[in-house]
Amino acid sequence: MGRFERQIILPELGREGQQKLHSARVLVVGAGGLGCPALLYLAAAGVGSIGIADGDRVAISNLNRQVLFGLNDVGNPKASVAKHYINERYPDIQVEAYDRYFLAKDLVEILPGYDLLIDASDNFATRYMLNDAAALFEKPLVYGAVYKYEGQVALFCAGEGSANYRDLYPHMPEPGEVPGCAEAGVIGVLSGIIGTMQAAEAVKWITGIGKTLVNKVLFYNLAEQSFYDIGLTSSDEAQKRRPATTEAFLKTDYAFECVSGIDIGWNAAMLMAEQKPSVFIDIRELYEMPRWTNTECLEIPFSQLIQKKNSVFDSKSIFLFCQHGIRSQPAAVELRKVLKRDNVYSVTGGVKHPDSPVK
């Protein structure tokens, strides 16, 4: 217990609280700007078992805020790199890495084995899915999000009558309504502050010390160095919007519900492609580099796209991408008209977007 001496001497925590941390099992979904600091402090605090889920790989644009990674990690799976980092420093902690984007079926299988869930994701489809899973399996959910200079933290699904994410945001936003970090930007230290707050909420919940953010949302503005919170109550309307059974949860298409327009980001497109039959189409000319060596990707230049027969596309969801996302948008509009269906999307930012898997 020598490593935790400074915690144990706190009368509110003591050896009993430290043992609770050692026995706790925490699942962190997202090993990015929020997940990295949260993981770092959960491990340092002595949480005995940690799960890390993320299907992304380290990119150089991540390094201003994802503090578990360095230049030598670029191109490697985030979850596995984070596991290695933690195990190298704290070999007594059990760490499980899930190198994939979680789907509903993963949460049904894996979440019951954990005591607490931390949402460190970066897209609305995952946030609604994690919230509904936490409510369904009665697991407390520590929520965090950042946007430009402001961050939010809350503790959802923490017992009977506790508010959840759908009480805060009843309606899923339209595509492009809320830009992500890649479009709007974010200061790395803000992610660190919010991610550390998420770890603090987890530690408080596990040990029973202090006041947690149940039925509250804490807002922090870095530019103005200000904090404020709002009260939140559970509503019947919000409860009706989430699936009430495991079967209904598994049938909910979160990626589709969060995408109703033409534009879609790479992360949401990849998530949707995992959930339903899909095809990516590179509409650039064949000389444009780099190319994507993916079996689910077709290469059909924009000039030939509309001439292709409908049989090429079947009834799959179609994700069109180009170099910068400029050509793919009108192409998606036109292809929707030709095919007379709306599951055709333009991937925002194209190959040059930081989230692009095409390297």
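On the stretch given as region 111-141, residues that are in contact with a Phe, Trp or Tyr (Cβ under 8 Å, 6 or more places away or on another chain), free of Cβ contacts under 8 Å to residues at least 60 places away in the same chain, more than 23 Å from ARG65 (Cβ to Cβ) and of a type in the set (D, E, K, R) total 1.
Here ASP167 clears all of (1) part of a helix (DSSP H, G or I); (2) modelled with pLDDT of 95 or more; (3) over 17 Å from the mean Cα position of the chain (by Cα); (4) of a type in the set (D, E, K, R) except the condition numbered (2). Entry remark, region 204-229: residues being in contact with a Gly (Cβ under 9 Å, 6 or more places away or on another chain), of a type in the set (A, V, I, L, M, F, W, C) and closer than 18 Å to GLN7 by Cβ number 2 in total. Counting the residues of region 56-72 that are open to solvent by 40 Å² or more (accessible area, probe 1.4 Å) and not in a loop (DSSP other than H, G, I, E, B) gives 5. The residue that is surrounded by the most Cβ atoms within 10 Å (Cβ to Cβ), among those in region 82-112 that are within 18 Å of ASP355 (Cα to Cα) and in contact with a helix residue (DSSP H, G or I) (Cβ under 7 Å, 6 or more places away or on another chain), is TYR101. Hey, does region 194-213 have a residue that's touching a helix residue (DSSP H, G or I) at 6+ places or on another chain (Cβ under 7 Å), closer than 30 Å to LYS352 by Cβ and at pLDDT below 90? Among the residues of region 194-213, not one is touching a helix residue (DSSP H, G or I) at 6+ places or on another chain (Cβ under 7 Å), closer than 30 Å to LYS352 by Cβ and at pLDDT below 90, which makes the answer no. The condition (being part of a loop (DSSP other than H, G, I, E, B), over 20 Å from TRP266 (Cβ atoms) and open to solvent by less than 20 Å² (accessible area, probe 1.4 Å)) is satisfied by just one residue among SER162, SER121: SER162. Residue count for region 271-289 under the criterion of being over 18 Å from PHE313 (Cβ atoms) and hydrophobic (A, V, I, L, M, F, W, C): the result is 3. Identify the residue in region 231-255 that is exposed (fewer than 12 other Cβ atoms within 10 Å of the Cβ) and among the β-branched types (Val, Ile, Thr) and, among all such residues, is modelled with the highest pLDDT. Among those residues, the one meeting the criterion is THR245.
Search region 289-299 for residues being without any contact (Cβ under 8 Å) to a residue 60 or more places away in the chain and not polar (S, T, N, Q), and hand back the single one that is most open to solvent (accessible area, probe 1.4 Å).
My answer is MET289.
No other residue among ASN215, ASN221 is closer than 25 Å to VAL146 by Cβ and open to solvent by less than 40 Å² (accessible area, probe 1.4 Å) apart from ASN221. Just one of the numbered conditions (1) surrounded by fewer than 19 Cβ atoms within 10 Å (Cβ to Cβ); (2) among the hydrophobic types (A, V, I, L, M, F, W, C); (3) within 18 Å of GLN329 (Cβ to Cβ); (4) within 25 Å of the chain's Cα centre (by Cα) is not true of PHE302: (4).
Inclusion of VAL358 among residues that are buried (at least 18 other Cβ atoms within 10 Å of the Cβ), part of a loop (DSSP other than H, G, I, E, B) and among the β-branched types (Val, Ile, Thr) is warranted. For region 28-45, the candidate set comprises residues that are part of a loop (DSSP other than H, G, I, E, B) and among the small types (Gly, Ala, Ser); within that set, the residue that is surrounded by the most Cβ atoms within 10 Å (Cβ to Cβ) is ALA31.
Yes/no matrix, rows are residues, columns are (1) under 18 Å from PRO140 (Cα atoms); (2) β-branched (Val, Ile, Thr); (3) free of Cβ contacts under 8 Å to residues at least 60 places away in the same chain:
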{"position": "GLY188", "(1), (2), (3)": "no, no, no"}
{"position": "GLU201", "(1), (2), (3)": "yes, no, yes"}
{"position": "LYS211", "(1), (2), (3)": "yes, no, yes"}
{"position": "TYR228", "(1), (2), (3)": "no, no, yes"}
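For region 4-27, indicate whether the set of residues that are closer than 26 Å to GLU150 by Cα and either touching a Gly at 6+ places or on another chain (Cβ under 8 Å) or open to solvent by 10 Å² or more (accessible area, probe 1.4 Å) (or both) is non-empty. Scanning region 4-27, I find at least one residue that is closer than 26 Å to GLU150 by Cα and either touching a Gly at 6+ places or on another chain (Cβ under 8 Å) or open to solvent by 10 Å² or more (accessible area, probe 1.4 Å) (or both), so the answer is yes. Of the numbered criteria (1) in a strand (DSSP E or B); (2) free of Cβ contacts under 8 Å to residues at least 60 places away in the same chain; (3) more than 17 Å from THR207 (Cβ to Cβ); (4) of a type outside the set (Phe, Trp, Tyr), the one ILE50 fails is (3).
The values are calculated or read from the model by the stated rules, or taken from the named source; none is laboratory data. Keep in mind that what you see is a predicted model, and the values were worked out from it rather than measured. Cβ: placed from backbone, ideal geometry, glycine included. Neighbour counts: every protein chain shown. In case anyone asks, the SASA skips ligands and DNA or RNA and just uses the protein heavy atoms, side chains included. Shrake-Rupley method; radii C 1.70, N 1.55, O 1.52, S 1.80 Å.
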